[in-house]
1. For LYS119, give me every one of the lysines with a C-alpha distance below 17 angstrom, ignoring sequence neighbours fewer than eight places off in its own chain.
2. Using 7 Å Cα-to-Cβ label points, what is the ASP463/LEU253 separation (nm, one decimal)?
3. Tell me what the chain gives for mean residue ellipticity at 222 nm when only DSSP H runs of n ≥ 4 count, each as -39,500 (n - 2.57), the sum divided by the residue total, rounded to 500 deg cm²/dmol.
4. Which residues does the label zone of HIS477 cover in the range 240-278, counting backbone N under 20 Å from a point 7 Å along Cα→Cβ?
5. Express as a percent, rounded to the nearest 5, the fraction of DSSP beta bridges in the chain (both residues included) that run antiparallel.
6. Just grab the label-to-label distance for GLU453 and LEU563, each label 7 Å out from Cα along the Cβ direction, in nm (one decimal).
7. So, R0 is 56 Å and r is the distance between the beta-carbons of GLU332 and MET514; what FRET efficiency does that work out to, to 0.05?
8. Please state the relative contact order of the chain as a whole percent: Cα pairs under 8 Å, 6+ residues apart?
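Any read-out appearing in this document is the output of simple, stated calculations on the displayed coordinates, not a laboratory observation. Small disclaimer: the values here were computed from a predicted structure and weren't measured. Using ideal geometry, Cβ is built from the backbone for each residue, glycine included, and neighbour counts are taken over all protein chains shown.
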Amino acid sequence: MSAAALPTHHAVTRPASRAATGESLDPGHLTPPFPGSWPFDLAAYQLDLWQRSVRYLDTLRERANNMLEHERAGKPPLLDFDYETVLDGRHLPRPANYALLRITRVGDDCLEDCLDPVKPPVIIVDPRAGHGPGIGGFKRDSEVGMALHEGHPVYFVIFFPEPLPGQTLEDVLHVLRRFVETVAERHPDRPPVLYGNCQAGWAIALLSADCEGLVGPAVLNGSPLSYWSGDSGVNPMRLAGGLLGGAWLTHLLADLGGGRFDGAHLAANFESLKPANTLWQKDYQLFADIDGQRERFLEFERWWTGFYALSKEEITAIVENLFVGNQLERGELQVCPGCSVDLRRIRNPLVIFASGGDNITPPHQALNWIPAVYPSTEALKAAGQRIVYLLNPHVGHLGIFVSSKVARLEHRAILESVGELNDLAPGLYEMCIDNPTGDPDCHKPQFQVRFEERRVEDLDYPDQAPAFDRVRALSEHNVALYETFVGPWVRLAVNPWLAETLRQLHPARTSRLMFSERFSPWMSGVKWLADITEPARAPLDDTNPFRQWEAFMSGSIASTLTLAGTTRDSLCEMGFHGFYGRAWWSDNE
């Protein structure tokens with residue numbers, strides 16, 4: 001489904017207000033309501049507030065309707081490009097709910113005349129982490145768009161809303177390998193470049209490290225490979241397994257879903273990381289600049305609210321072996337009987353793109369596996385491996401895949417430098433982009449790319465393994481207890497009707513669908529008011545003192561929620577280390 005199919009509205013073009021950008025206001029700089037003008041300022045503000053309120057509610061109504069429409073359509077991938085299906089993984093001898101697409105057209109332009117026959121194909125794999133596929137190509141300035149702009153044939157790996165019965169992580173990896181082999185056969189002597197976003201990045205690492213390996217360069221964007229790493233007080237998600245007693249809760253939620261794990265649970269986890277943004281800032285930014293933010297909000301929410309399921313076999317293997325067990329960097333992960341994944345077997349060049357502003361996959365989790373696998377720079381060079389990392393100082397987790405500015409600079413720089421990766425001598429390098437113009441749309445030689453050699457020993461992250469080893473031991477114990485005494489009764493009690501009822505009643509769905517006319521008939525009146533209000537809409541200037549006080553109050557609410565979230569994270573950190581600390585466990589081990 002193309003983003004062009006989204007409903008359009010006439011938006012008033014104006015500079016983004018400080019309220020819309022989340023900038024808080026200093027009360028000392030607020031414009032005082034002058035005695036002679038305040039009645040007019042108040043009247044203008046009340047009119048603007050009423051108009052924004054109507055349009056805000058109408059936007060929530062349209063989001064709910066988009067969510068229902070997307071579900072009725074079968075949740076197709078939200079790509080802003082035409083495509084054809086090359087291979088459907090559900091029909092392979094060892095099936096999984098994945099499919100390989102080839103991008104065929106951008107708007108009215110066919111791609112055949114624009115592609116460079118010398119350049120290798122690019123395979124983009126989106127993350128299967130609760131949401132549907134398309135985030136790598138749901139707008140023109142995206143990973144797909146940049147690869148096409150650079151002349152690469154582009155393939156996109158999607159997945160379907162429901163897993164196949166009993167689908168395992170091994171099944172998924174077999175299908176992904178078949179996709180890579182298919183693309184390689186279609187483009188002889190040009191090994192494909194693999195792009196893996198978040199979860200898809202570690203899936204590509206698994207393919208690169210298995211017994212057969214891969215040949216073409218792999219780009220891992222915001223992909224965790226070292227799951228126990230992170231800064232205290234900054235990356236609380238890595239503590240969740242210990243605070244919840246391990247992976248037993250994952251087993252329970254999958255059983256309550258009738259053998260399927262609802263992606264809405266994962267979305268709720270992400271949203272809980274930043275309560276200020278989830279509970280206030282995201283909605284207030286829309287409310288404050290409803291004319292400028294409406295279409296962007298609806299476009300992103302169409303993807304964010306498309307929840308996809310995983311099989312119990314998949315999600316429990318992921319949680320137990322990776323997030324709680326951290327077996328990947330240790331070389332203990334077995335994807336099939338007798339076949340362990342050893343990251344030292346990776347021979348294709350790796351490009352690791354991480355960001356200091358990513359609180360879900362911080363640079364620690366993206367890079368700390370390197371010294372765990374290669375104890376020294378000499379060991380990395382002796383293995384003949386080339387690892388390049390690229391750091392963005394501030395963009396968030398989704399910004400690595402979604403930000404237009406990042407796509408137009410960092411991803412363009414990566415693609416334009418693919419040919420240089422194979423020419424690098426074995427070792428560790430940092431990819432540095434010198435862009436004196438500051439223009440993300442510039443090309444070489446307007447910006448320069450340097451590969452500066454680094455030492456593995458410089459990747460010095462705190463070792464927190466003892467506490468997390470205890471988490472893994474407790475998790476294995478709790479899972480055994482659950483599967484022995486509780487799981488059989490849960491599976492006996494849950495039928496398809498109950499599983500679907502629990503799925504529909506998930507707060508991530510009900511909090512959005514409650515604004516649809518289907519569930520709230522009075523929202524039809526909101527649409528009628530919005531249709532009347534839109535032609536007469538005249539955005540209020542930021543100099544209005546009442547609008548300034550509104551922005552100031554919003555900043556105060558956001559600061560309070562941020563403090564609450566920071567306090568919660570600090571308490572969780574203290575509780576984690578207090579329970580799994582060495583002093584308490586030393587007497588019990």
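1. Straight-distance partners of LYS119: LYS444.
2. 3.3
3. Working: 24 runs with 248 residues, N = 589.
Computed ellipticity for the chain at 222 nm equals -12500 deg cm²/dmol.
4. Backbone N within reach: 240-252.
5. Numbers: 26 of 52 bridges.
So the antiparallel bridges amount to about 50 percent of the total.
6. For the pair GLU453/LEU563, the computed spacing is 5.2 nm.
7. Values: r = 45 Å, r/R0 = 0.81.
FRET efficiency, GLU332 to MET514: 0.80.
8. Working: 1018 pairs, mean separation 125.9, N = 589.
This gives 21 percent for the chain.
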